Amino acid sequence: VFAINHEILDTLKVHYKGQAIQIDGRVPASKRKDLVDQFQTDSKVPLLLGQIEAAGTGFNMTAADTTLTLQLGWKPGEHDQAEDRCHRIGTPHPVTAYYLLAERTMDMVIMKLLDQKRKTLLSVLDGKEAVHEDLLENLLADITKGT
């Protein structure tokens with residue numbers, strides 16, 4: 001499970017007491033690998049709660065077959081990296097990624113913005129001229145429309 005704010009992860013950890021490990025910005029980098037190793041090998045700990053920036057890069061979490069993102073970051077690459085932690089070369093099973101989004105919330109506006117950023121990035125990487133859009137203007141228009 002990935003989120004931005006550690007408060008959400010803290011709440012989930014209390015609810016899943018003893019069944020989850022948590023990696024967020026408060027966990028020293030030197031201890032994060034040990035937590036990931038525990039998740040990878042200990043069947044009594046089937047849930048990893050990760051802050052996207054702290055747990056979304058640098059680890060293999062191939063024991064997972066599902067990711068759930070509860071909060072969106074501002075960069076599409078953050079989400080790609082978080083999903084890729086589970087879907088690595090040698091992963092013996094398919095990996096499914098879910099995003100918990102509700103209509104008429106800020107997350108829907110952010111998701112649209114992330115999609116626009118991704119399209120622009122892919123255009124540039126493919127050597128195509130990116131369509132110029134004022135992302136901030138579109139974001140503000142969506143907010144004022146209530147979408």
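Count the net charge of all other residues whose Cβ sits under 15 Å from the Cβ of ILE4, scoring Lys and Arg as +1 and Asp and Glu as -1. Walk me through the numbers before you get to the answer.
On the way: positive: ARG26, LYS75; negative: GLU7, ASP10, ASP24, GLU53, GLU78, ASP107.
Spelling it out: positives minus negatives among the neighbours equals -4.
Nearest 10 degrees is fine. How inclined is helix 135-145 to the longest principal axis of the chain, computing both from alpha carbons? For 135-145 against the chain, the angle is about 90 degrees.
For every helix of n ≥ 4 consecutive DSSP H residues, a contribution of -39,500 (n - 2.57) applies; sum these over the chain, divide by its total residues, and give [θ] at 222 nm rounded to the nearest 500 deg cm²/dmol.
Taken over the chain, the calculation gives -14000 deg cm²/dmol.
Compactness of the chain, taken as the C-alpha radius of gyration over 2.2 N^0.38 Å, stands at 1.16.
Axis of helix 106-125 versus longest Cα principal axis of the chain: the two differ by about 80°, to the nearest ten degrees.
Would you mind getting me the FRET efficiency between ASN60 and ASP10? Use the beta-carbon distance for r and R0 = 41 Å, nearest 0.05.
Working: r = 25 Å, r/R0 = 0.61.
According to the calculation, E is roughly 0.95.
Only Cα pairs under 8 Å and 6+ residues apart enter the sum, and on that basis the relative contact order of region 1-123 stands at 25 percent. Gain on full extension, evaluated as 0.36 nm per residue between SER43 and LEU68 minus their Cα-Cα distance, stands at 7.1 nm. What accessible surface, in Å², does a 1.4 Å probe find on ASP24, ignoring ligands, DNA and RNA and rounding to the nearest 10? Looks like 0 Å² after rounding. Note on GLN116 and LYS31: the model spin-label points, each 7 Å out from Cα along the C-beta direction, lie 4.1 nm apart. Structural descriptor for region 1-70: relative contact order 46 percent, calculated from alpha carbon pairs under 8 angstrom and at least 6 residues apart. In degrees, nearest 10, range 0 to 90: what is the angle between the Cα axis of helix 29-41 and the longest Cα principal axis of the chain? Orientation of helix 29-41: about 70 degrees from the principal axis.
Take the residue pairs LYS13/LYS119; LYS119/LYS145; LYS13/LYS145 and return only those whose Cα atoms are more than 30 Å apart. Please list the in-between numbers first.
Details: LYS13/LYS119 35 Å; LYS119/LYS145 23 Å; LYS13/LYS145 36 Å.
Correct reply: LYS13/LYS119; LYS13/LYS145.
The values are calculated or read from the model by the stated rules, or taken from the named source; none is laboratory data. Here the structure is a predicted model, which is why all the values come from computation and not from measurement. Neighbour counts run over all protein chains shown; Cβ positions are idealised from the backbone, glycine included. Surface accessibility is based on the protein's heavy atoms, side chains included, excluding ligands, DNA and RNA. Shrake-Rupley method; radii C 1.70, N 1.55, O 1.52, S 1.80 Å.
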